[in-house]
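Student: Here it is, the structure, as structure tokens.
What follows is calculated from the coordinates using simple rules that are stated; it is not laboratory data. What you are looking at is a predicted structure, and each value in this text was computed from that prediction instead of being measured. All Cβ positions, even for glycine, are placed from backbone atoms using ideal geometry, and neighbour counts span all protein chains on display.
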Amino acid sequence: MPVIKNPTIEKMEQNVYQKTREEMTQEELFSFAEFDESQVEKTGYSNYSYWRSTFRAFSKNRVAMFLVSVVIFLVVFTFIQPMLPDQIPYFQVNNNPDTGLPYRNLTPGTQVEISEGRMHTFLLGTNSIGQDLWSGIWAGTRTSLFIGVIVACIEAVIGIFVGILWGYVRKLDFFFTELYNVLDNIPVTIVLILVAYILPPGIPTLILAMSLTGWIGMARFIRNFIMIIRDREYNLASRCLGTKTPRIIFKNLLPYLVSIIMLRMALSIPANIGYEVFITYIGLGLPATVASLGNLINEGRVMMLSPSLRYQLIYPTILLSIVTISFYVSGNAFSDAADPKSHV
């Protein structure tokens, strides 16, 4: 049942409310906020960080994080392994103190006497001249990773520089296009074989041979993406405002290419290790005095016909496969995380 208010009472309540409002001073009704310049600046501030966002997205991929941990462990262990106790240098030939003959082709886990009263366990066995395969694999991994990383960095520097000029400076497009057509039609294996055959064998020769044409793929990718984004509205606006070309390149263009650069570098490292293995496999790579995965695989392939000695090929091949898969998967994951489209 609706309540019916007395009009007189309602009018009295309104008068009392109005009187109360009139009695209140202006200071009681309003309070003026003090001006704080630092607070004004914070209104236009964003705590967004591209790299923080990239690593946050990358860390969510558990498989990639695990493989990155594996790569870091392998790299660190290749340096600390010689410092561990009871380690034998790879190039040391281990002889039987009684007969003076080398411990040839010992199976993994064999414990023998290498000097008077000193016993040693060969975790991965020995090769055909009595060298410790455990030390050889880690020394070879250290050398192969060094070659792969150095060549990848050289390819990235040259590829980024050439790709930016190729894609941004229209006058150079014809020159770089013709240069690309010439170099891209030369097989990489031919270049590797010729350089390795002409120059003396060694790490600098392999690095030079791989770097001669390795930058072409990076430059082509950079050029294609530069041509796509160079004439977008924000770049046109920057040029109209008088922004210098280097600043446009480093601030407007390169951030969009981080994912491409990281992916190409991540894929280049295992590819370069594979080239080192190939060129050493055909006898034109590193000399036998330099430990590398290529030399170990080249020596192990001779033992394939003997089932009891196949471990000399299997162990370095497994390690090479782990490195290759780890770089490939983690590189793809980091490329996806670094893509600016995923940060919107």
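Student: How do the peptides 322-332, 259-269, 53-63, 137-147 rank, highest first, by the average count of neighbouring beta carbon atoms within 10 Å per residue?
Tutor: Details: 322-332: 19.1, 259-269: 21.1, 53-63: 14.4, 137-147: 23.0.
Packing proxy ranking, top to bottom: 137-147, 259-269, 322-332, 53-63.
Student: OK, next. Spelling out what I want: for every residue of segment 167-172, take phi, set θ = phi - 60°, compute 6.51 cos²θ - 1.76 cosθ + 1.60 (Karplus), and round to whole Hz; glycine and proline get x.
Tutor: x, 9, 8, 5, 5, 8
Student: Let me ask something additional. How large is ³J(HN,Hα), in whole Hz, for each residue of segment 275-290 in order, when computed from phi with the Karplus curve 6.51 cos²θ - 1.76 cosθ + 1.60 and θ = phi - 60°, using x for Gly and Pro?
Tutor: Karplus-based 3J(HN,Hα) across segment 275-290 equals 5, 5, 5, 5, 5, 6, 4, 8, x, 10, x, 6, x, 5, 7, 10 Hz.
Student: Now a separate question. Convert each backbone phi in segment 115-122 into a coupling constant with the Karplus relation 6.51 cos²θ - 1.76 cosθ + 1.60 (shift: θ = phi - 60°), then list the ³J(HN,Hα) values in order as whole Hz, x for Gly and Pro.
Tutor: Computed from phi, the couplings for segment 115-122 are 7, 4, x, 10, 9, 9, 9, 8 Hz.
Student: Just how far, in whole angstrom, is segment 118-140 from segment 308-326 if you go by their alpha carbon centroids?
Tutor: Cα centroid to Cα centroid, the span is 15 Å.
Student: Testing the spin-label approximation: label points 7 Å from Cα along Cα→Cβ at residue 157 and residue 190. State their distance in nm.
Tutor: Those two pseudo-labels are separated by 2.9 nm.
Student: While we're looking at this one, here's another question. Want the number for residue 247 to residue 83: 0.36 nm per residue separation, take away the alpha-carbon distance, what's left?
Tutor: Using 0.36 nm per residue and subtracting the Cα-Cα distance, I get 54.3 nm.
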